[in-house]
Amino acid sequence: LPATGGDQISADNNSATGTGVYTNLSNLTIGEYNPGNGTGWINISAPAGFEFKTTGVQAVPDGNNINLNGVGAGNPATPNIITSTYINWTVTDQSSTVGNINFTGLSVRPIAGIPLAQGEINVSWQDAIGVWKWDNTSGALTQIPGTVDSIALTPSGPWVFNADTGGYLNLSASSFDQ
C-alpha cells in the first residue's frame, strides 16, 4: 500500500525558510508474496525536493518471520541507516511465510518554499539473488502554496472619473506566501 497523508504538504513547512514542521505519513506497506526470498536490504528514498525526519521510523513485519537488522522476526526494527533522503534496513534472515512489512513513524517536509515540489516515495529491496522489487509509486508527495502573508495591489488601468458617479481605479491583487 502506498503512504498516505502527503498530498497537501504546505510550503510554509520547508526546512530552508519555513517552520521546519514535518508531515506524518501513514499506511506505507510492502508485501512479500513469495516466502524465502533471502537476506538483503530494504530502502526507502524521498523524491527530489523533500526530506525525511531522521528519528522515530520503524519497520514492523506482520504475518511473516522476516528478520530485520538482527531484531527477532516479527518485532519492530529501527533503520540501520537513516538520512534525510534515504532509509535502509538489512534483511538478516529470510522469511518462511508470506506477509507484509508496515513502516511507521515516516514523516517528511519540503526542503524549500519554492519552487513547489512533487514526486513519489520509492521503495526498493534486494535479496542475495538480485533486486526483486522496485516500487516508485509508494506514495505521492505534493507541496502546496503556504498561507498568504502579503497582498500587493497594482493599478490595472487609468483612473476614471465621472461627475455623476465619482471616480474609480481598477486594481489587480497578487498574493504571496513567502
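The values are calculated or read from the model by the stated rules, or taken from the named source; none is laboratory data. No experiment lies behind these values; they were computed from the predicted model shown. Here Cβ is always computed from backbone atoms with ideal geometry, including for glycine, and neighbour counts include all displayed protein chains. In case anyone asks, the SASA skips ligands and DNA or RNA and just uses the protein heavy atoms, side chains included. Shrake-Rupley method; radii C 1.70, N 1.55, O 1.52, S 1.80 Å.
Within the bounds of the stretch 88-97, is there any residue that is at pLDDT 90 or above and either surrounded by 14 or more Cβ atoms within 10 Å (Cβ to Cβ) or among the hydrophobic types (A, V, I, L, M, F, W, C) (or both)? Looking for residues that are at pLDDT 90 or above and either surrounded by 14 or more Cβ atoms within 10 Å (Cβ to Cβ) or among the hydrophobic types (A, V, I, L, M, F, W, C) (or both), one finds at least one in the stretch 88-97, hence yes. Here LEU171 passes the criteria (1) open to solvent by less than 80 Å² (accessible area, probe 1.4 Å); (2) modelled with pLDDT under 90; (3) aliphatic (A, V, I, L, M) except the one numbered (1). I'm checking my understanding of the structure. Among residues of the stretch 103-139 that are among the charged types (D, E, K, R) and at pLDDT below 70, which one is least open to solvent (accessible area, probe 1.4 Å)? Ranking the candidates gives ASP135 first. Taken over the stretch 65-87, the criterion of being β-branched (Val, Ile, Thr) and either under 30 Å from ASP149 (Cα atoms) or open to solvent by less than 40 Å² (accessible area, probe 1.4 Å) (or both) is satisfied by ILE66, THR85, ILE87. Condition check for ILE30 on (1) out of contact with any helix residue (DSSP H, G or I) (no Cβ under 9 Å at 6 or more places or on another chain); (2) open to solvent by 30 Å² or more (accessible area, probe 1.4 Å); (3) of a type in the set (Val, Ile, Thr); (4) modelled with pLDDT under 95: one failure, at (2).
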